[in-house]
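Participant: Sharing a structure with you now.
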Amino acid sequence: MEYYKLSAYIYDCNNCPTRCDGISKKKYIFTNDVEFAEQQENIIINKLIEKGFQASKCQKDGYPDIVIKKNQKIVSYLEVKAQRRTFMSVKKILPDADLLPSETIALNLSDLQRYIEIYHKEKVPLSIIWVLQHRPCIVPEDKSLYFYQKIKVLENIYRKYGAKRRFRRKSGKGDVVNGEHKGVVVNYHFSLRELKAWNI
């Protein structure tokens, strides 16, 4: 991650032209994030194929988005998460999390726990990749940046910090789709410092 200088992670949010709070607060448009994530899935699948892997959307219910094969053998699973906002109040609400807003990324707690279980069950490498966009603190204008980490590493961080990085937010506009609550309300948080950059 040498390309991403330390100063990027301690960005002064007061200088941000499109802060993640303000009028966007409590407005979580679930469908927008899903559409963006699905677009990114296809981009990542094509890149993996270009690198010589057999990659496709995983058909197993509850499993990560992408299954990666080599010579028809599963070598890895990959979950894709869109992350276009940060947790502005992380220092105030989770003071013991060792996180700053500009470096913070989130994951549905139930997803994290499920992928840990799948990893131990399947004995196959599993990683999560976060696609960052519209975050001037990290991402150049009109670009998407990719950060990933193995579930084994994320599990160790989860065991280390426990509830110190867990937060339940209130439901907001966009969480309910066709009468069903789709938005994530219980998140677990990680730092970009704990991930690796992928130059896709």
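Participant: In Å and whole numbers, how far do the C-alpha atoms of the stretch 94-155 stretch along each principal axis, longest first?
Facilitator: 40, 30, 17
Participant: Once you list every other residue whose beta carbon is under 12 Å from the beta carbon of residue 104, what net charge do they have if Lys and Arg are +1 and Asp and Glu are -1?
Facilitator: +2
Participant: Taking a point 7 angstrom from the Cα of residue 70 along the C-beta vector, which residues in the stretch 109-126 have backbone N less than 20 Å away?
Facilitator: Counting only backbone N, you get 119-120, 122-126.
Participant: Please list the non-local residues whose amide H lies under 5 Å from the amide H of residue 87, H modeled 1.01 Å from N, same-chain partners needing a gap of 5 or more.
Facilitator: When sequence neighbours closer than 5 places are left aside, the close amide H contacts are 104.
Participant: Can you tell me how much longer the chain between residue 185 and residue 114 gets when fully stretched, taken as 0.36 nm per residue apart minus their C-alpha distance, in nm with one decimal?
Facilitator: Full extension from residue 185 to residue 114 adds 24.0 nm.
Participant: Would you please give the residues with an amide H less than 5 Å from that of residue 126, counting only those at least 5 places away or on a separate chain, with H modeled from the backbone geometry?
Facilitator: 77, 151, 152
Participant: Calculate, for residue 18 and residue 42, the FRET efficiency according to 1/(1 + (r/R0)^6) with r their C-beta to C-beta distance and R0 22 Å; round to the nearest 0.05.
Facilitator: The value I calculate is 0.25.
Participant: Also, quick follow-up: Taking the Cβ of residue 53 as the center, what net charge do the other residues with Cβ under 15 Å away carry, scoring Lys and Arg +1 and Asp and Glu -1?
Facilitator: Residues close to residue 53 contribute a combined charge of +3.
Participant: Subtracting the Cα-Cα distance from 0.36 nm times the residue separation, let me have the gained length for residue 121 to residue 168 in nm, one decimal.
Facilitator: Full-extension gain reported as 14.1 nm.
Rule-based calculations on the coordinates, nothing more; no lab input. What you are looking at is a predicted structure, and each value in this text was computed from that prediction instead of being measured. Positions of Cβ are generated from backbone atoms using ideal geometry, with glycine treated the same way; all protein chains shown enter the neighbour counts.
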